[in-house]
Amino acid sequence: MSEFECDLPHASCEEASRDARHAARMTRKKALIDAAIAAATDEHGLLIVITGNGKGKSTSAFGTVARALGHGMKVGVVQFIKSRTDTGEEAFLGQHAEWHVTGDGFTWDTQNREQDIATAERGWAIAARMLGDPAYQLVVLDELTYLLSYGYLDSDTVLDALAQRPPMQHVVVTGRAAPDALIELADTVSIIADEKHAFRAGVKAQPGIDL
Ligand code: ATP
Ligand code: MG
C-alpha cells in the first residue's frame, strides 16, 4: 500500500494507512491459512504425546476427554502409577468416561520393583483391551511413559499395540521423558517446559488445580 492516497489530516492518514496495511496483511494470511486448511484433508485416529517436565500434561489429556465427551464419543482412561481415586477429573469426567486408576503410587513410594511391574501389567491389560476395541474413540494412557522408561512394560509390546490400534481411534499418552520410539510413532507431540512451578515456592497440591 505504498501508493495510499489520503486527503485527511496527517495523523488520520497515518492511521488509515496502517489499517489498510493490516487489512492487506490479514488478506494474505487468510489465503495461506485457507490453503493449508484445504490441503489438510486426511482424517484418522491420532497418537498424541504430551511430555516434558512442566505442569499441564494430564490436564491437557483431560481437556481432550471433555472435548470428546462433548461430541458423545466413547472414552476410556487408564491412569498408571498414580493411585488416588479422589481426583476432580475422575469424579466429574468419570461419570461419562470409563475410568481406571491402576497404579499404587510413585516408585519412590512403593520401593518394590516386582510389585510395580505386576501393577503395570494389570493396568496394561486394561489399556490393551481398549486399544484393540474400535468402540473406544479416545483412549487416554495417563503417565504411561514411566512404565516404558523404567522398563516395567516391554516397549515393543506397547508400541505395537499403539501402532495396530483401530484406524479411527485417538490416543493421548502423558508422562515425562517420553522415549524416542514413542515420539517417533506419534502424530502430535507437545513438550511442556517447566518454567516455574508453585510447589517450589512451598505451595501444596490443591484440589481443582493439581488433583
Ligand atoms: P497436571 O496433572 O497438573 O497436568 P502433569 O501431568 O503435567 O501435571 P505430573 O508429573 O503428572 O505432571 O504431576 C503430577 C503432580 O505434580 C501435579 O500435582 C502437578 O501439579 C505436579 N507437578 C507437575 N509438574 C511439576 C513440576 N515441574 N514441579 C513440581 N510439581 C509438578
Ligand atoms: Mg500427569
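Of the trypsin sites (Lys or Arg not before Pro) found in the range 124-211, the ones in coil according to DSSP and having at most 15 other Cβ atoms within 10 Å of their Cβ are 196, 204. On a per residue basis, the chain carries 61 Å² of accessible surface, using protein heavy atoms and a 1.4 Å probe. The residue 96 and residue 176 beta-carbon pair, evaluated with R₀ = 35 Å, returns a calculated FRET efficiency of approximately 0.80.
Given only helices, namely DSSP H runs of n ≥ 4 each adding -39500 (n - 2.57), what is the per-residue ellipticity at 222 nm of the chain, to the nearest 500 deg cm²/dmol? Can you show the working numbers first?
Numbers: 8 runs with 94 residues, N = 211.
The helix-only estimate for the chain comes to -13500 deg cm²/dmol at 222 nm.
Based on alpha carbons, the Rg and Dmax found for the range 84-164 are 13.3, 37 Å.
Would you please give the FRET efficiency between residue 83 and residue 44, computed as 1/(1 + (r/R0)^6) with r the Cβ-Cβ distance and R0 = 41 Å, to the nearest 0.05? The formula returns an efficiency of 0.75 here.
Each of 203, 126, 78 was scored by the projection of its Cα onto the charge dipole of the chain, and the greatest displacement toward the positive side belongs to 203; charges sit on the C-beta of Lys, Arg, Asp and Glu. In order along the range 146-154, the Karplus-derived 3J(HN,Hα) couplings, from 6.51 cos²θ - 1.76 cosθ + 1.60 at θ = phi - 60°, round to 5, 5, 7, 5, 7, x, 6, 10, 6 Hz, and Gly and Pro are given as x. For the pair the range 194-211 and the range 64-104, the centres of their Cα atoms are 21 angstrom apart.
The chymotrypsin sites (Phe, Trp or Tyr not before Pro) of the range 1-104 meeting both criteria, a DSSP state outside H, G, I, E and B (loop) and at most 15 other C-beta atoms within 10 angstrom of the site's C-beta, are 4. DSSP beta bridges confined to the chain are antiparallel in about 0 percent of cases. Spin-label model, residue 128/residue 198: points 7 Å from Cα along the beta carbon direction are separated by 4.0 nm. Given R0 = 41 Å, the distance between the Cβ atoms of residue 121 and residue 36 translates into a calculated FRET efficiency of 0.45. Short-range pairs are left out: with C-alpha atoms under 8 Å and at least six residues apart, the relative contact order of the chain is 31 percent.
Kirkwood-based Rg over Rh for the range 47-201 (C-alpha set), two decimals?
Looking at the range 47-201, the ratio lands at 0.94.
On a 23 Å Cα-Cα criterion, which of the cross-link pairs 57/196; 74/204; 57/204; 29/55; 55/204; 30/74 come out too long?
Over 23 Å Cα-Cα: 74/204; 29/55; 30/74.
The values are calculated or read from the model by the stated rules, or taken from the named source; none is laboratory data. Remember, predicted model here, so these are calculated numbers, not experimental data. As a convention, Cβ positions derive from the backbone with ideal geometry for all residues, glycine included, and neighbour counts pool all protein chains shown. Side chains included, ligands, DNA and RNA excluded: accessible areas come from the protein's heavy atoms. Shrake-Rupley method; radii C 1.70, N 1.55, O 1.52, S 1.80 Å.
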